[in-house]
Amino acid sequence: MNVGIYSNKKNFDRGCTNILRIRERLVNAGNSCKIIEDIADVDGLEVLFVLGGDGTILTVAAKCATRGVKIIGINYGHIGFLTEFEADRIDEAVSLVIEGKYKLQKRALLEVSYGESFLALNDIAIQRNTGAVNFSNTVSINAKIDGTTVDNFSADGIIVSTPTGSTAYSLSAGGSVLSPDLHAFSLTPICAHSLHSRPVVFSDDSTVAITPLNCREPLVMIVDGKVVGKLPVGETVTIKKSHYFAEFITRGEEDFFKKLLIKLSIWSK
């Protein structure tokens, strides 16, 4: 089996000893293993150990999904919604992979299209520009699902999220929590300037179209936490379910709501 180990630079020194321990155990068990410094180097891997938090996993998720690489997350971050193991349970994680006794959990991805395409495991946020020079006030945004207008939102922006991303930015903006097994996405306005504007949960077979109607500056498009472009007034970005999906290695024992309660309690501290 071809295995890789990836850690963001911030966590590399802290996890270096564990990285070497993981590699040693995998190689001794007859596997090929390499330390990945550039996520572009995941080609040919079957499994990728990711040492970090949710942000680190978001960095690698799309690339792994398009190449069929399974992800196993080791939490070196604060919350770790996407990680299966805490840092003190690395040996258990390695044994799971070596013995092949793991389960796979598939997570849906969004395909975001505007000029070019982007994949998102968590979400896309389309929001007003808050830069000092190009500062925008509340903006007006039309949102359509399968060609039908949901609302003309007066807000700071809109978030479209997967069930995976429902516990991220969308949750902070007042969106609903979606369990990972739901075939649904959510649309959440950011700080809506109207009491009737509420989050909407819809089928993941649908296509969303977002069009700015009124704003001083183009809206900023942020995919999984990274700015990918700007959306001018009258232009439309479309969002739908990708045919790719992210695969996560799990113990098969996950109780989503138990994990949710634990992680939200940590988040609240």
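The values are calculated or read from the model by the stated rules, or taken from the named source; none is laboratory data. No experiment lies behind these values; they were computed from the predicted model shown. Methodologically, a virtual Cβ is constructed for each residue, glycine included, from the backbone with ideal geometry; neighbour enumeration extends over all protein chains shown. We work out accessible area using only protein heavy atoms, side chains counted, and drop any ligands, DNA or RNA first. Shrake-Rupley method; radii C 1.70, N 1.55, O 1.52, S 1.80 Å.
Observations on the model:
- Residue ID - modelled with the highest pLDDT, chosen from residues in segment 74-86 that are over 22 Å from Leu110 (Cα atoms) and of a type in the set (Val, Ile, Thr): Ile74
- If the condition is being open to solvent by 50 Å² or more (accessible area, probe 1.4 Å) and either without any contact (Cβ under 8 Å) to a residue 40 or more places away in the chain or in contact with a strand residue (DSSP E or B) (Cβ under 8 Å, 6 or more places away or on another chain) (or both), then segment 225-242 contributes Lys226, Val227, Lys230, Val233, Gly234, Glu235, Thr236, Thr238, Lys240, Lys241.
- When Asn8 is tested against (1) surrounded by fewer than 16 Cβ atoms within 10 Å (Cβ to Cβ); (2) over 19 Å from Thr250 (Cα atoms), only condition (1) is not met.
- One residue stands out among those in segment 248-269 that are surrounded by 11 or more Cβ atoms within 10 Å (Cβ to Cβ) and basic (Lys, Arg): the one that is modelled with the highest pLDDT, which is Arg251.
- You will find that of Ala173, Ala132, Ala155, Ala108, the residue that is modelled with pLDDT of 95 or more and among the hydrophobic types (A, V, I, L, M, F, W, C) is Ala108 and no other.
- Among residues of segment 113-127 that are under 17 Å from Phe81 (Cβ atoms), those with a beta-carbon under 6 Å from a residue that is of a type outside the set (S, T, N, Q) and open to solvent by 40 Å² or more (accessible area, probe 1.4 Å) at least six positions away or on a different chain give the pairs Asp123/Tyr169.
- Qualifying residue in segment 95-104 (condition: among the basic types (Lys, Arg), assigned to a helix (DSSP H, G or I) and either open to solvent by less than 20 Å² (accessible area, probe 1.4 Å) or under 21 Å from Arg251 (Cβ atoms) (or both)): no
- Pairs are defined by a Cβ separation below 7 Å, a sequence spacing of at least 6 or placement on different chains, a first member in segment 59-77 that is under 21 Å from Ile22 (Cα atoms), and a second member that is acidic (Asp, Glu) and open to solvent by 10 Å² or more (accessible area, probe 1.4 Å); the pairs so defined are Val69/Glu46; Lys70/Glu46; Lys70/Glu247; Ile71/Glu247; Ile72/Glu84; Gly73/Glu84; Asn75/Glu86; Gly77/Asp54.
- Residues in segment 222-241 that are in a strand (DSSP E or B) and under 19 Å from Ser154 (Cβ atoms): Leu231, Val237.
- Only one of Ala29, Ala87, Ala61, Ala65 that is hydrophobic (A, V, I, L, M, F, W, C) and open to solvent by 40 Å² or more (accessible area, probe 1.4 Å): Ala29
- Residue selected from segment 68-84 under the condition farther than 17 Å from Gly252 by Cβ and of a type in the set (Gly, Ala, Ser), by the criterion surrounded by the most Cβ atoms within 10 Å (Cβ to Cβ): Gly80
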